[in-house]
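Notes for the one structure printed next.
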Number of protein chains: 2
Amino acid sequence: MTTEVDSFGPRRVLRPSAKVLPEQARAHNRSLVLQTLYRSGPLSRADLARETALTRVTVGDLVAELIGEELAIELGTRVDASRPGKPATLLDLNRDGHRIVGIDLGDTEVFRGALIDLDGTILERREIDARGLVGGDAAAAALALARELTAIADRPVLGVGIGSPGIVDLAGCVLTAPNRGWTDLPLQARLQAELGLPVIVANDANAAALAEYGFGGASADLMLVMVGYGVGAGLLLDGTPLFGSRFAAGEIGHVVVGTDGGEACACGKQGCLETWLAVPRLQARIAAGEPREAVLRQAGERLGIALAPIVGALNLSEVVLSGPVELLDGTLAEATVDTLRQRTMEQFHGDLTVRLTSLGGDIVMRGAAVMVLSARLGVS
Amino acid sequence: MTTEVDSFGPRRVLRPSAKVLPEQARAHNRSLVLQTLYRSGPLSRADLARETALTRVTVGDLVAELIGEELAIELGTRVDASRPGKPATLLDLNRDGHRIVGIDLGDTEVFRGALIDLDGTILERREIDARGLVGGDAAAAALALARELTAIADRPVLGVGIGSPGIVDLAGCVLTAPNRGWTDLPLQARLQAELGLPVIVANDANAAALAEYGFGGASADLMLVMVGYGVGAGLLLDGTPLFGSRFAAGEIGHVVVGTDGGEACACGKQGCLETWLAVPRLQARIAAGEPREAVLRQAGERLGIALAPIVGALNLSEVVLSGPVELLDGTLAEATVDTLRQRTMEQFHGDLTVRLTSLGGDIVMRGAAVMVLSARLGVS
DNA sequence: CATGTTTGTTAGTAAACCTTACGAACATAA
DNA sequence: TTATGTTCGTAAGGTTTACTAACAAACATG
């Protein structure tokens, strides 16, 4: 009995999935064309066929569909025609024909929102004072901000992406967000019903990780650590956000760091990562006269201590920090990477980088835009 | 402009993938039928249609194909016929018609192999003395063991699964395995060429994690910690093994634990997890007169300290230990879970369990069998 | 001006799944 | 016993999808 012998690639384990109909296969190929167009700028149908390995016929058919939905547009014939043959008709995503609304609910003082184009460029900004808002009032403010932004859009809005603090499940239901007093709030479903637009709600750190991957030039395996009033993280593994068994992946703020005590934390424990790293704590210690460099170095070391097992277990090669530049950049980040190097195997993590995000305070809003792009244009 | 508003599920980010042809969609549905048959025992074509949401016609066609390849068999009509209508013809995987060879190269003293049926039951065992084997000799011994096991198989062998120590890439190439002196050894490709059978090589801890999921009743999110001569781990996220950016995911043996020093490690650092937990170290300390309970408690605590950030970041709910029962069970495991509880958020990890594997010393061999099952029967 | 190249489309084919319909084989009730 | 209804498996035919083959259009080049 002979068996054909191929090479076996990445494995998944036995896990019944859903059936695949031809229709869904087509949707997949359609997304493939959209993604190729998104990534590689203006292309002809023939270019797309070469890139996707589909035939020109199939590409032509898919493109006709996309043009019909005004997702793609023809730009006219290619001008640099130094080649023989019929000049190509260039196509591109209808980049200027759509807008995305991205909203960041993570700040304690304001809800920030922006009108964003398909390339992630922020066109308009709006803010709403969110101090003290809890429960339904906070949700209403988020809705108002979304309404305001969709109202000023001069093009059709592809969708509304929202990065929320707290624990958010896959349906965009905020399971818990203590600062806003939210419990089991179906924010995504509610806003979607109100706005009549696709809405996607996810944890703000997860959104930020997506932004760093989509717009920040990060690799597909990435941990994004947000340092602010608290400390949270978003994990991207092979380009896919990690959610965790109870949707609490990345919640490392209350993991105890080290074996030598530490300050008391609001959660009742001692030496939580937040007690070492949260912005108010750092500012307070510096204001109280502790040497700034020493405080920042220690904070970086503690972050490194906390991240070392994670970096080791996941074999991460990229850690990105988000938060106040004046605190994170320099000493703190350097201490983090030094500590990580000292505590992990050089052999596996020699290329480890720890750096600040280049997206600044817009990271969550732009990550929310990536979520919309993925949902509307992405792979199934 | 109205947009249809659906609910959006789990998101992936923009990442150009491959095209999907109808042929591949069919392969997917074929695997779906196989998996359903594997999981849910004997079923009729109509049962399969209901379970998979495919039509009876399509299921009939796929089943005919599977029967033609002798992967499925008809068992005759159902006997408990208390229902009206034509009695169903029961189908099942041809469970007794195939064998799998599973091999564990992780031990320092022996290479263990087994002939395994599709349900994971071990039918025959073989061992080869592996003390001191390095380089080509070690690879030759692995090949000889695989040959011996395929030779005694009385049924066609679906494939050979191998759990190897060290760093193994997706193509089954052992990048580094210090104990065997292997560097960039294309073990999978070489054995496959020699044996003329599908061969899958992966890291032994990853294989063990798959075994715990496939045969040990574990959930799809799982960390399996192997404690032996060294300390390694395998991670399963949503049923998929995690490999890491350089295929070194799970290599936590040389992550430094705690902030209070520790014994010197062979790697040059101090206080690596292995110095606290490796079996030789524990045995030596107990033999030297240290109180057994105290040694084991401390080892468990250190494991908990190392795992806390990982459990927190990944929001894991299940940690499984594999290794010498007399050392791991009881005090050590209890200290681990106690420490984890003390160092993470009760709210997110209240259901965290830490337990010993029930698969004993066969875990890697049976995990290797799961890899073969996945590759031959699994989803694309 | 003839030739070759490239593009995009038309026409026809193969694969895959669907819907509809039917015979076979059974339980149940008149 | 017979009629009715149910369930199973299969046959026939239709729809969708992407493929191959072929072709006209439009250009560069010798």
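The values are calculated or read from the model by the stated rules, or taken from the named source; none is laboratory data. Predicted, not measured: the structure shown is a model, and the values here were computed from it. Every residue, glycine as well, gets a Cβ built from its backbone with ideal geometry; the counts of neighbours run over all protein chains shown. In case anyone asks, the SASA skips ligands and DNA or RNA and just uses the protein heavy atoms, side chains included. Shrake-Rupley method; radii C 1.70, N 1.55, O 1.52, S 1.80 Å.
Of the residues screened, residue A:126 is one that is more than 19 Å from the chain's Cα centre (by Cα), away from every other protein chain (no Cβ under 14 Å) and either open to solvent by 60 Å² or more (accessible area, probe 1.4 Å) or hydroxyl-bearing (Ser, Thr, Tyr) (or both). Criterion applied to A:314, A:340, A:332, A:307 was being touching a Leu at 6+ places or on another chain (Cβ under 9 Å) and more than 19 Å from residue B:250 (Cα to Cα), and the one residue passing it is A:332. If you filter region A:261-286 down to residues that are under 10 Å from residue A:230 (Cβ atoms) and in a loop (DSSP other than H, G, I, E, B), you find that the one that is farthest from the other protein chains (Cβ to nearest Cβ) is A:278. Among the conditions (1) surrounded by 21 or more Cβ atoms within 10 Å (Cβ to Cβ); (2) touching a Gly at 6+ places or on another chain (Cβ under 9 Å); (3) at negative phi, residue A:323 misses just one, which is (3).
When region A:156-165 is filtered for residues that are of a type outside the set (Val, Ile, Thr) and within 11 Å of chain B (Cβ to nearest Cβ), the ones remaining, listed by number, are A:156, A:158, A:159, A:161. Picking from residues in region A:167-185 that are more than 11 Å from chain B (Cβ to nearest Cβ) and of a type in the set (Gly, Ala, Ser), the one that is farthest from residue A:371 (Cα to Cα) is A:181. Scan region B:41-71 for residues that are over 22 Å from residue A:21 (Cβ atoms) and open to solvent by 50 Å² or more (accessible area, probe 1.4 Å) and the total you get is 5.
Taken over region A:183-205, residues that are open to solvent by 10 Å² or more (accessible area, probe 1.4 Å) and outside any loop (DSSP other than H, G, I, E, B) amount to 11.
Conditions tested, residue by residue: (1) more than 9 Å from chain A (Cβ to nearest Cβ); (2) open to solvent by less than 10 Å² (accessible area, probe 1.4 Å).
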residue	(1), (2)
B:330	yes, no
B:334	yes, no
B:343	no, no
B:351	no, no
B:356	yes, no
B:367	yes, yes
B:373	no, yes
B:377	no, yes
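Listed by position, the helices (runs of 4 or more DSSP H) inside region A:294-380 whose residues that are in contact (Cβ under 8 Å) with a residue 24 or more places away in the chain and touching a strand residue (DSSP E or B) at 6+ places or on another chain (Cβ under 8 Å) number at least 3 are A:325-328, A:331-343, A:363-377.
Take residue B:150 and tell me if it is within 16 Å of DNA strand C (Cβ to nearest atom), open to solvent by 30 Å² or more (accessible area, probe 1.4 Å) and within 14 Å of chain A (Cβ to nearest Cβ). So residue B:150 does not fit the description; no.
Close contacts from region A:57-86, counting a first residue that is away from chain B (no Cβ under 14 Å) and at pLDDT below 85 and a second that is open to solvent by 60 Å² or more (accessible area, probe 1.4 Å) and near DNA strand C (Cβ under 10 Å from one of its atoms), with Cβ to Cβ under 6 Å and a gap of 6+ residues or different chains, come to A:78/A:87; A:81/A:87.
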